[in-house]
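Peer 1: Dropping a structure here in structure tokens format, bear with me for questions.
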Amino acid sequence: MKNDKLYPLIIVLIFPVLICSCATMGIEKAKYTVLEKKGSLELRQYEPQMIAETTVDADFDQAGNMAFNRLYNYISGRNITQESIRMTAPVNQTASAEKIPMTAPVNQQQTQGKYVVSFLMPAKYSLETIPQPLDPSVQIRQVPARKIAAIRYSGTWSQKRYEQKKTILESFIQEKGLNPTDQPIFARYDPPFQLWFLRRNEVLIPVD
């Protein structure tokens with residue numbers, strides 16, 4: 001009888017974990033090859049990628065929230081796609097909005113006292129085929145192939161934790177005799193409702 005009473009409790013405790021752990025399954029992610037690995041530290045070669053980005057004037061903790069709505073609106077339909085509608089009665093001609101699949105990670109990078117937040121665009125699109133944003137604050141940009149040093153960690157999205165991991169990554173870069181070529185990037189792979197200990201967070205620094 002004891003076990004019979006425990007089973008519902010176990011299901012209640014485990015079910016949210018299972019749901020959250022599946023949050024990013026099936027989501028297209030940035031493509032890269034691991035060149036070198038040392039614990040949670042990696043040196044990666046990234047393939048070219050296309051991103052939608054927007055700049056916000058906010059602090060570290062608020063930048064992601066402010067930018068997310070703009071970018072999410074863009075991939076949810078606030079974009080321009082010209083569509084030919086076949087002949088019917090009555091005759092209607094319109095422009096429809098195209099929904100773009102969510103990808104991972106969501107990147108955040110500081111520049112000139114502000115933050116640039118970006119979404120990775122699905123690989124099936126090119127600069128010629130990607131639906132253009134209606135919001136002028138959202139820009140589409142092609143990022144060339146590049147080498148990136150990365151450190152992966154779980155937990156909160158706080159600036160304090162990010163800075164701690166960035167310091168470790170910078171020591172790794174120095175140890176390898178590499179040179180940073182751009183500002184550090186804070187990469188988040190999971191939605192806000194993901195349990196903190198299951199989150200995949202990364203600090204990324206482009207190097208040569």
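Peer 1: Test of understanding: ordering THR33, THR103, THR181 by Cβ neighbours within 10 Å, fewest first, what list do you get?
Peer 2: Fewest-to-most Cβ neighbours within 10 Å comes out as THR33, THR181, THR103.
Peer 1: In addition: When we measure straight from the Cα of LYS147, which aspartates and glutamates land under 14 angstrom away, once same-chain ones fewer than 8 places off are left out?
Peer 2: Output for LYS147: GLU36, GLU42, GLU47, ASP182, ASP208.
Peer 1: Only four residue types carry charge here, +1 at the Cβ of Lys and Arg and -1 at the Cβ of Asp and Glu. Report the dipole size of segment 115-208 about the Cα centre in Debye, rounded to the nearest 20. The partial results should precede the final answer.
Peer 2: Working: 13 positive and 9 negative charges, 62 e Å.
Charge dipole of segment 115-208: 300 debye, to the nearest 20.
Peer 1: Shifting gears a bit: Give me the number: length gained by fully extending LYS38 to THR129, i.e. 0.36 nm times residue separation minus the C-alpha to C-alpha distance, one decimal in nm.
Peer 2: Roughly 28.9 nm would be gained on extension.
Peer 1: Using 0.36 nm times the number of residues separating LYS31 and ASP208, minus their current alpha carbon distance, what extension gain do you get?
Peer 2: Working: separation 177, 0.36 × 177 = 63.72 nm, distance 1.85 nm.
Using 0.36 nm per residue and subtracting the Cα-Cα distance, I get 61.9 nm.
Peer 1: Further question on the same structure: Quick check on the exposure proxy: order GLU47, GLU175, GLU42 from fewest to most C-beta atoms within 10 angstrom.
Peer 2: So the ranking, lowest neighbour count to highest, is GLU175, GLU47, GLU42.
Peer 1: Mind giving me the nanometre distance, one decimal, between the label points for GLN164 and SER137, set 7 Å out from Cα along Cα→Cβ?
Peer 2: In this crude label model, GLN164 to SER137 measures out at 3.2 nm.
Peer 1: Show the residues, 5+ positions off or on another chain, whose built amide H is closer than 5 Å to the amide H of ARG200.
Peer 2: Amide H to amide H, under 5 Å and 5 or more residues apart or across chains, ARG200 pairs with TYR189, ASP190.
Peer 1: Which order results if TYR153, TYR189, TYR115, TYR125 are arranged by neighbouring Cβ count within 10 Å, fewest first?
Peer 2: Final ranking by Cβ density, sparse to dense: TYR125, TYR153, TYR189, TYR115.
Peer 1: Using 0.36 nm times the number of residues separating PHE197 and ASN73, minus their current alpha carbon distance, what extension gain do you get?
Peer 2: Full extension of this stretch gives 41.8 nm more.
Every number here is computed from the coordinates shown, using simple stated rules; none is lab data. Quick caveat: nothing in here was measured; it's all calculated off a predicted structure. Quick reminder, even Gly has a Cβ in these numbers, built from the backbone with ideal geometry, and neighbours come from all protein chains shown.
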